[in-house]
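Here the structure comes first, spelled out in C-alpha cells, and everything after it is commentary.
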Amino acid sequence: MNILITGGAGFIGSHVIRRFLKRYSNYTIFNLDALTYAGNLENLKDIEESKNYKFLKGDIVDAGFINKIFEQYEFDGVIHLAAESHVDRSIEDPLAFVRTNVIGTVNLLNAFKDISSNDRSSKSRFYHVSTDEVYGSLGETGLFTEETSYDPNSPYSASKASSDHFVRSYGETYGLPYVITNCSNNYGPNHFPEKLIPLFIHNIIENKPLPVYGDGKYTRDWLFVEDHAVAIDLVFHEGKNHETYNIGGFNEWQNIELVKLLCKQMDRKLGRAKGTSEKLISYVKDRPGHDLRYAIDAGKINRELGWKPSVTFEEGLERTIDWYLNNAQWLKNVTSGAYQEYYNKMYS
C-alpha cells in the first residue's frame, strides 16, 4: 500500500510516520509537508534513509500539485494531519486557517475521491485527524462524546469543524470511505515550542517568564503523543468507515496545576532549589474566546477497538522533559530558526 501522511514533519505526524515505518514494511509511506514554521524534518532524521519512506515538499492548498501527486503515486490511504493549529495565531490571521484547514482538506478530498472511485483496494480510506475544540466549551462537569453538537469558539476550531463537515459530506455525497478522530491536547517529544508544555520547558531552562492566561483555571485533557499514534494506527486499520472516534487521555488538568507540576519536575531535574521555577509564573491578559474546559469521553474507541492510554500524565511529562533536556541542539535549532534554513535550502 502507498500511504500519504500529510503534515508528517510536524509534531504528531512525525510520531505516526515513525510508528508506521517500524510496523509495516510492506507499506510505502509518503510524507507530504509544506515545511512551514511547525514542520521540521529533524523530527525524522532517524528514519529519513528508510527504503519505504519518501518525502514530498508541497502545500495542500495547491490543488494542481495535490492532483499531480495523487495521479503519480495512486495513494491507497490518506492520514490527514496537516493543519494550522495554534489558537493564538488563528486570532491574528483567520484566513490562513481557512486556506490550510478548509481549502487544503477539500483539495485532498477531491483528489482522493477520484482515485478511490477506481476501487483499487477495499482498504482504501481517508483518515481525517481533528480536535476536541470543535465541540466548544464544557462547564465544570460532563464530557465530549461523538454525539456532542459542534460549537466552535475560535477561528482555529471553526476551521477544523468546517473540515470535519466537508469530510462527512464527501462520504454521504460521493461514498468516499473515511474515518474521523477528534483528539484532546497532545504533548511529548518534538513538540514545537509555541504550545504550553514545550514553551514552558524552554522558558524555565532560560529563566524566562511563564505567561499563564487569566486565572490559570482553564482545564484541558492531555494525551501523550505516542499513545495518540497508537490510536491512529488502530483506527486507520480497524475503525469502521464513516465513523468518528474521540481520543482522550483521561487526564484533566487545570493549566495552573499543570504548570506547577512542570515547575517541580524541572527544578528537580535541573538541580534548582524547590520553588525556583514557580517564581517565573506571570498571569497575563486572557485571550478572546478562551474555552473554559475540554474533556473527552474515549469510551467508544476503548469498547470497539480496545484502545486506552498507556502513559499517566506524570510519567509522560517526565519523559517529555527528559527528551528536551537530552535534545538541547534540537531546541536550539528550532528557537533560532536554523532548522528551516537547512531543510528549505535542501528542498527548494
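The values are calculated or read from the model by the stated rules, or taken from the named source; none is laboratory data. Bear in mind the structure is a predicted one, so any value in this text is a computation, not a measurement. When we count neighbours, we look across all protein chains shown, and the Cβ atoms used for this are built from the backbone with ideal geometry, even at glycine.
Descriptive notes on the structure:
- Within segment 276-296, the set of residues being in a loop (DSSP other than H, G, I, E, B) and either within 16 Å of ASP151 (Cβ to Cβ) or at pLDDT below 95 (or both) comprises LYS285, ASP286, ARG287, PRO288, GLY289, HIS290, ASP291, LEU292, TYR294, ALA295.
- Of the strands (runs of 3 or more DSSP E) lying entirely inside segment 151-221, those carrying at least 3 residues that are crowded, with 23+ Cβ neighbours inside 10 Å and in contact with a strand residue (DSSP E or B) (Cβ under 6 Å, 6 or more places away or on another chain) are 178-183.
- If the condition is being polar (S, T, N, Q) and either closer than 24 Å to PRO177 by Cβ or modelled with pLDDT of 95 or more (or both), then segment 44-94 contributes SER50, ASN52, ASN67, GLN72.
- Segment 292-308, residues that are touching a Lys or Arg at 6+ places or on another chain (Cβ under 9 Å) and either at positive phi or not polar (S, T, N, Q) (or both): LEU292, ARG293, TYR294, ALA295, ALA298, ILE301, GLU304
- Selection from segment 209-246 of residues that are among the aromatic types (Phe, Trp, Tyr) and either at pLDDT below 95 or out of contact with any Lys or Arg (no Cβ under 9 Å at 6 or more places or on another chain) (or both): TYR213, TYR218, TRP222
For (1) touching a helix residue (DSSP H, G or I) at 6+ places or on another chain (Cβ under 6 Å); (2) farther than 24 Å from PRO211 by Cβ, each residue gets a yes or a no:
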| position | (1), (2) |
| --- | --- |
| ASP227 | no, yes |
| PHE236 | no, yes |
| HIS242 | yes, yes |
| ILE256 | no, no |
| THR276 | yes, no |
| ARG287 | no, no |
| HIS290 | no, no |
| LEU305 | yes, yes |
| ILE321 | yes, no |
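- Candidate set: segment 41-54, residues that are touching a residue at least 24 places away in the same chain (Cβ under 8 Å) and within 17 Å of GLU341 (Cα to Cα); chosen: the one nearest to the chain's Cα centre (by Cα): ASN43
- Selection within segment 299-339: residues that are among the aliphatic types (A, V, I, L, M) and in contact with an Asp or Glu (Cβ under 9 Å, 6 or more places away or on another chain). The member of this set that is surrounded by the fewest Cβ atoms within 10 Å (Cβ to Cβ) is LEU305.
- Condition met for ARG99 (basic (Lys, Arg) and within 17 Å of the chain's Cα centre (by Cα)): no
- Filter result (part of a helix (DSSP H, G or I) and surrounded by 24 or more Cβ atoms within 10 Å (Cβ to Cβ)) within segment 13-42: GLY13, SER14, HIS15, VAL16, ILE17
- Listed by first and then second residue, the pairs with beta-carbon distance under 9 Å, at least 6 apart or on different chains, first residue in segment 131-151 and free of Cβ contacts under 8 Å to residues at least 24 places away in the same chain and over 16 Å from LEU223 (Cβ atoms), second in a loop (DSSP other than H, G, I, E, B) and polar (S, T, N, Q), are ASP151/SER137.
- Tally of residues being in a helix (DSSP H, G or I), out of contact with any helix residue (DSSP H, G or I) (no Cβ under 7 Å at 6 or more places or on another chain) and more than 16 Å from ASP33 (Cβ to Cβ) across segment 328-340: 5
- Listed by first and then second residue, the pairs with beta-carbon distance under 7 Å, at least 6 apart or on different chains, first residue in segment 18-34 and over 16 Å from ILE79 (Cα atoms) and without any contact (Cβ under 8 Å) to a residue 40 or more places away in the chain, second surrounded by fewer than 18 Cβ atoms within 10 Å (Cβ to Cβ) and polar (S, T, N, Q), are SER25/ASN52.
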